[in-house]
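Participant: Following this message is one structure expressed as C-alpha cells.
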Amino acid sequence: MAAIWNPSFVPLVLAIAFFLGLVWHQNILKINLEDKFQRCAAAALKIKKEPVKEEKELPVISALQSKINNIFHNIEKHIPTVRLTSFNRSTSARNSKAFISNPRAQYCIGEDLVVQLDMYDYINKRKTYGGDFIRSRLFSQELGASVSGKVEDLNNGSYFVHFPLYWEGNVQVSSMLFHPSEGISALWRSRHSSLGVLGFQGKFENFTQNAVTECHFKLNTTKEVCEYLDPDDEEAFYCIKPSDLPCDSLTDMKAVNLFSSYLTKEEAKLFQRSNIAVEIPKNFKVINVENCKKYNDTAKPKCETGMTSPFPSGYFYKNIWNPVYCNMTLYTTKEHFIKCLQRKKLFLIGDSTLRQFIMHFTEGVKILDYFGNHEKGWSSWPRTRLALSMEKDIFVLYKRHGFPLECSAFYYFKEDMYTSRQIDLQGGGKDTIIVITMGQHFRQFPLQLYIRRALNIRRAIERLFLRSPDTKVIIKTENTREMTAPVERIGDFHGYTQYLVLREVFQGINVGFVDAWDMSVSSATANVHPPGYTLQGIMSLTFTFACY
C-alpha cells in the first residue's frame, strides 16, 4: 500500500530536527568545556605538585677579585697537600743526597752545572713526592762570587738544581732544606686558617676622651663596628666602635701578637731551629770552572725600566752584583748618588727595608739632612721621614705602606694611606722617582690580602703612567730574613710565595724590578735589613733604573 505524504507535517518535522540538533550540539559543547576544564585543572594540579625551582643568584665577583683568585690558584697548585702522619716520615736533609747529575771532566764558563737532590725521610726511606722548600747557591768565597740555583721539582722526591757558571775558578755548592713538604703543607694551611695571627688595637681620641678597642680585617663581634673602607680598591678593615666616640676619631694603631697557632704538636717539631736550613750532604767537594774560550759574553744593554727579570737575575762577583740581562751602574760614593738625585724628588713607599735607603743618605754617605728633629737609627721606624739637600736640590720622602704594620707601640694612624692612594696623589714627571716595596708585614695574613694590595698598586701605577709616562717607578721585592724568625708567623716560605706574586703581577709594565730576594739568597744574607754589599747591590740596581 502506498504511503500518503501530507505536506502539513513538514513544519513539524523541521522543528523536531532543529530541536534534536540543538541538544546534540549543547552536549558536545558541554563535553568540550568539561574536557578543557579538566585538562586545565589537571595542569594546575600538576604545577602545584611539581613547582618550578627558582635558580639562586650567584654572587657577583668583581674583575679585581677574579684576578686575585687566578693568581692565588696559580700559587696554590704548587703547594703540596700532604699530611704529616709521623715526624719520622717527613723529609730529612741529613739522610738526603746531593750529586752531580751530569759529571764531566771539564766545566766551562757559560755552561750549566746540574745537581740532583734525592730526598729521604728520617727512617731512610726514599721520598716519592716533591714540595720541599729548598734554597741552593753556588759560591766562591775567596772571589766574593755567588749565584742562586734554580730548583726544578720532579714531583717524585728528586730535584734538579741548575747553576749557571759565570766565573772562572773553584766553586762550591750549598743546598739547604729549609722545610720538608709536610711542613710546607702545614704552613700553607695555617696561613689560611684565619684572618691572620697578628691582631691590632686602635686608639680613639676626641678632646679629653679616649678609648682603645680591637681592630682587624674582620671582627667576630655583636658590638657596633667602624668600617674603614676604600671601595675603589675593595680594601677594608674594622674597629669596634667606642660607646661615646665617633669612628673618625681613630688616631693611633698598634699590633698585638695573638700567640695563636694552627699547627699540631707533631707539625711544630718540623720548625724547631735544628730542623731549619739544614745542609744536604753531597758526594763532591770543589769543582773547577775554566774559561774554555767557547763562551761568548754578548754585550748587554744598560738596565732600564720595563725589562724582564729572569731567575737567577744576576750574580755577585768580587762582591758586586752583576745582572745577567743588563749592565748596572755601581753606586758606592756620595758623588754617585748626588749625580743621580740632583734636582729630583724621590718617594720611598714601603717598610723599614726602604727606610734603609734614607738612612744611608743621611747617616751613611751623608748627602742629606733630616728635615726636623728626627731620631736616627731604627727608633720610631714607622714615622714619615723627610730628608733634603737645599744645596744639591734633592728631596727624599719615606712613608710606610699603610695598614697592616707590625709595630708593638702606638703610631699615629691619621697619616696612614695605602700605597695605591699615595701614588694617586703624585703628579709624576721625569724628575720624580717612586720606589715601592712591601712584604715583611704581610706574611702574617692570608695571601689573598697581599695579592689584592699588589694588584691595586699596579693599577695605580698604570693610572700614573697615563698622566705622566716619564715617571720612574721601581719595585723592590722583599728579601730573606733571620733564621730565628717565628716560622709560622713570618718565616721565609711566606715571603717566597709573596715574591712569586710580585713576579707575576708586575710583568709587562714599565717598571724597574729589583730582585732583592735573589740577591739575599745568593749572598746567603739572613737579615731583614741586609747589610754591606747586598744592600749596595739593591741600591745600585734601584738607582740604575731610576737614572739611566
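Participant: Quick check on the range 292-368: take the gyration tensor over C-alpha atoms, sort the square-rooted eigenvalues as a ≥ b ≥ c, and tell me if it's rounded (a/c under 1.5), prolate or oblate.
Facilitator: Prolate is the answer for the range 292-368, as a/c is 1.5 or above and a/b outweighs b/c.
Participant: If 237, 160 are ordered by their accessible area, calculated over protein heavy atoms with a 1.4 Å probe, which sequence runs from highest to lowest?
Facilitator: Of 237, 160, the descending order of accessible area is 160, 237.
Participant: Run the numbers on the range 302-442 and let me know its relative contact order in percent, using alpha-carbon pairs under 8 Å that are six or more apart.
Facilitator: Relative CO of the range 302-442 lands at 26 percent.
Participant: Taking amide H positions as placed in the peptide plane 1.01 Å from N, state which residues far from residue 251 in sequence (5 or more) or on other chains have amide H under 5 Å from it.
Facilitator: Residues meeting the criterion, in which the H sits 1.01 Å from N, are 203, 204, 205.
Participant: Give the distance, in whole Å, between the Cα centre of the range 137-207 and the Cα centre of the range 413-453.
Facilitator: 24 Å
Participant: Taking θ as phi - 60°, what are the ³J(HN,Hα) couplings along the range 394-400 by the Karplus curve (6.51, -1.76, 1.60), each to the nearest whole Hz, with x for Gly and Pro?
Facilitator: Per-residue couplings from phi come out as 10, 10, 10, 10, 10, 9, 5 Hz.
Participant: Averaging sequence separations of C-alpha pairs under 8 Å and six or more residues apart, then dividing by the length of the chain, give the relative contact order as a whole percent.
Facilitator: Relative contact order comes out at 15 percent.
Participant: If you place +1 on the Cβ of every Lys and Arg and -1 on the Cβ of every Asp and Glu, how big does the dipole about the Cα centre of the range 421-477 come out, in debye to the nearest 20?
Facilitator: 180 debye
Participant: Here's something else I'd like to know. Place the peptides 166-173, 475-482 in order of packing, highest mean first, counting for every residue the other Cβ atoms within 10 Å and averaging per peptide.
Facilitator: Result, highest mean Cβ count within 10 Å first: 475-482, 166-173.
Participant: Given [x] 35.6, 150; [y] 25.5, 93; [z] 30.3, 130 as candidate values of Rg and Dmax of the Cα atoms in Å, which corresponds to the one derived from the coordinates?
Facilitator: [x]
Participant: Quick one: angle between helix 532-546 and the longest Cα principal axis of the chain, in degrees between 0 and 90, rounded to 10, please.
Facilitator: Result, in degrees: 60.
Participant: Need the full-extension length gain, residue 332 to residue 365, defined as separation in residues times 0.36 nm minus the C-alpha distance. One decimal, nm.
Facilitator: 11.0 nm
Participant: Just grab the label-to-label distance for residue 195 and residue 65, each label 7 Å out from Cα along the Cβ direction, in nm (one decimal).
Facilitator: Calculated label separation equals 1.6 nm.
Participant: For a quick check: with amide H placed at 1.01 Å from N, whose amide H comes under 5 Å from residue 108's, ignoring anything fewer than 5 positions away on the same chain?
Facilitator: It is 290, by chain and number.
Participant: As I understand it, the value is the acute angle between the Cα axis of helix 10-49 and the longest principal axis of the Cα atoms of the chain; what does it come to in degrees, rounded to 10?
Facilitator: 20 degrees
Participant: Just to verify a number: FRET efficiency for residue 150 and residue 227, C-beta to C-beta distance, R0 = 45 Å, to 0.05?
Facilitator: My answer for the efficiency is 0.50.
Participant: Which length gain, in nm to one decimal place, applies between residue 259 and residue 208 when the Cα-Cα distance is subtracted from 0.36 nm times their residue separation?
Facilitator: Between residue 259 and residue 208, full extension yields 15.0 nm more.
Participant: Quick one: which residues, 5 or more positions from residue 434 or on another chain, have an amide H under 5 Å from its amide H? H modelled 1.01 Å from N in the peptide plane, none for Pro or chain starts.
Facilitator: Long-range HN contacts for residue 434: 347, 472, 473, 474.
Participant: Which one, 298, 270, 255, projects farthest toward the positive side of the charge dipole computed for the range 254-303 from Cβ point charges (K/R +1, D/E -1)?
Facilitator: 298
Participant: Too long at a 30 Å Cα-Cα cut-off: which of 318/392; 345/376; 203/345?
Facilitator: Violating the 30 Å limit, Cα to Cα: 318/392; 203/345.
Participant: Per-residue HN-Hα couplings for the range 331-342, Karplus 6.51 cos²θ - 1.76 cosθ + 1.60 at θ = phi - 60°, whole Hz, x for Gly and Pro?
Facilitator: Using θ = phi - 60°, the values come out as 10, 10, 10, 5, 5, 4, 6, 4, 4, 6, 9, 4 Hz.
Participant: When the convex hull of the Cα atoms of the range 448-511 is projected onto a plane and the area is averaged over all directions, what value comes out in nm²?
Facilitator: Average projection, Cα convex hull of the range 448-511: 4.7 nm².
Participant: What are the semi-axes of the equivalent ellipsoid for the range 254-311, taken as the square roots of 5 times the Cα gyration tensor eigenvalues, largest first, in whole Å?
Facilitator: So the equivalent ellipsoid measures 44, 27, 9 Å along its semi-axes.
Participant: Please work out whether the range 458-548 counts as rounded, prolate or oblate from its C-alpha gyration tensor, where a ≥ b ≥ c are the square roots of the eigenvalues and a/c under 1.5 means rounded, while otherwise a/b larger than b/c means prolate and anything else oblate?
Facilitator: oblate
Participant: Can you tell me the 0 to 90 degree angle between the C-alpha axis of helix 63-76 and the longest principal axis of the chain, rounded to 10?
Facilitator: The two axes meet at around 60 degrees.
Participant: What number comes out for accessible area per residue over the chain if the probe is 1.4 Å? Units Å², please.
Facilitator: 50 Å²
Participant: Can you give the translational diffusion coefficient of the range 380-474 in µm²/s, computed by Stokes-Einstein from the Kirkwood radius over Cα pairs at 10 °C and 1.306 mPa s?
Facilitator: Roughly 107 µm²/s, to the nearest whole number.
Participant: Classify the range 116-208 as rounded, prolate or oblate, taking a ≥ b ≥ c as the square roots of the eigenvalues of its Cα gyration tensor: rounded when a/c is under 1.5, otherwise prolate if a/b is larger than b/c and oblate if not.
Facilitator: Cα axes put the range 116-208 in the oblate bin.
Participant: What are the ³J(HN,Hα) values, in whole Hz, obtained from phi via the Karplus relation 6.51 cos²θ - 1.76 cosθ + 1.60 with θ = phi - 60°, for each residue of the range 442-456 in sequence order, with x given for Gly and Pro?
Facilitator: The phi angles translate into 9, 5, 9, 9, x, 5, 4, 4, 5, 4, 4, 5, 5, 5, 5 Hz.
The values are calculated or read from the model by the stated rules, or taken from the named source; none is laboratory data. Because the structure is predicted, anything quoted here is derived from the model rather than measured. Cβ: placed from backbone, ideal geometry, glycine included. Neighbour counts: every protein chain shown. Each accessible area value is taken on the protein alone, full model and side chains, heavy atoms only, with ligands, DNA and RNA left out. Shrake-Rupley method; radii C 1.70, N 1.55, O 1.52, S 1.80 Å.
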